[in-house]
Amino acid sequence: MDGLLSFFYPWTKAIHIMAVIAWMAGLFYLPRLFVHHVEQGKHTAGLNPIFVMMEKKLLRVIMNPSMIATWIFGLALVFTPGIVDWSMAWPWVKAGGVVGMTGFHMWLAARRKDLASGNNRLTGRQYRIMNEIPTVFMIFIVVAVVVKF
């Protein structure tokens, strides 16, 4: 198995990076949809169901599959011999960032359900602020992986 993981390492890494990019795009875009949903959806007739449909499709068709692929191919990289030195800080920082990003993903999924059911309690401004969270996680993860401290 170790030889197989090593053989496919470049492909595993490439697919992991593509999955991360797709996941991040969704993590950045969904809170922006929430901002517009909250601020425009109730004021313009017919917009609310459109926002609900867009948010649901973004989460289910793009974000969920790309998060799952990120985890699968990321774990494959972790188990590839010689890739991760767990005595260093960087893999722990990255792992913490990925777990945090996954938690944020789940929080977004819960807010999507709130918006769809009419139970939203957050403002557009609060969603704008929350939109910065994936950027913070991204900074920690990229610096940890590239600098390898």
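The values are calculated or read from the model by the stated rules, or taken from the named source; none is laboratory data. Since this is a predicted model, take the numbers as computed values, not measurements. Backbone-built Cβ (ideal geometry, glycine too); neighbour counts: all protein chains shown.
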Does at least one position in region 2-25 carry a residue that is within 17 Å of the chain's Cα centre (by Cα), touching a residue at least 24 places away in the same chain (Cβ under 8 Å) and more than 30 Å from ILE83 (Cβ to Cβ)? no
Scope region 81-108; condition at pLDDT below 95 and among the β-branched types (Val, Ile, Thr); matching residues: ILE83, VAL84
Residue in region 114-129 that is over 20 Å from the mean Cα position of the chain (by Cα), within 20 Å of ILE50 (Cα to Cα) and of a type in the set (A, V, I, L, M, F, W, C) present: yes
So which of VAL52, VAL35 ends up being within 28 Å of PHE140 (Cβ to Cβ) and either in contact (Cβ under 8 Å) with a residue 12 or more places away in the chain or of a type outside the set (A, V, I, L, M, F, W, C) (or both)? VAL35
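Quick one: which helices (runs of 4 or more DSSP H) sit completely within region 1-100 and have at least 3 residues that are surrounded by 17 or more Cβ atoms within 10 Å (Cβ to Cβ)? If you could, list the steps in order and put the result at the bottom.
On the way: elements: 2-7, 9-40, 47-57, 64-78.
Passing ranges, in order: 9-40, 47-57, 64-78.
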Of the conditions (1) β-branched (Val, Ile, Thr); (2) under 25 Å from VAL61 (Cα atoms); (3) in contact (Cβ under 8 Å) with a residue 60 or more places away in the chain, the single one that ILE141 does not satisfy is (3)
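Would you point out which residue out of ASN119, ASN131 is surrounded by 12 or more Cβ atoms within 10 Å (Cβ to Cβ) and either more than 23 Å from TYR9 (Cβ to Cβ) or in contact with a strand residue (DSSP E or B) (Cβ under 9 Å, 6 or more places away or on another chain) (or both)?
Working: ASN119 fails: surrounded by 12 or more Cβ atoms within 10 Å (Cβ to Cβ).
Only one candidate passes the filter, namely ASN131.
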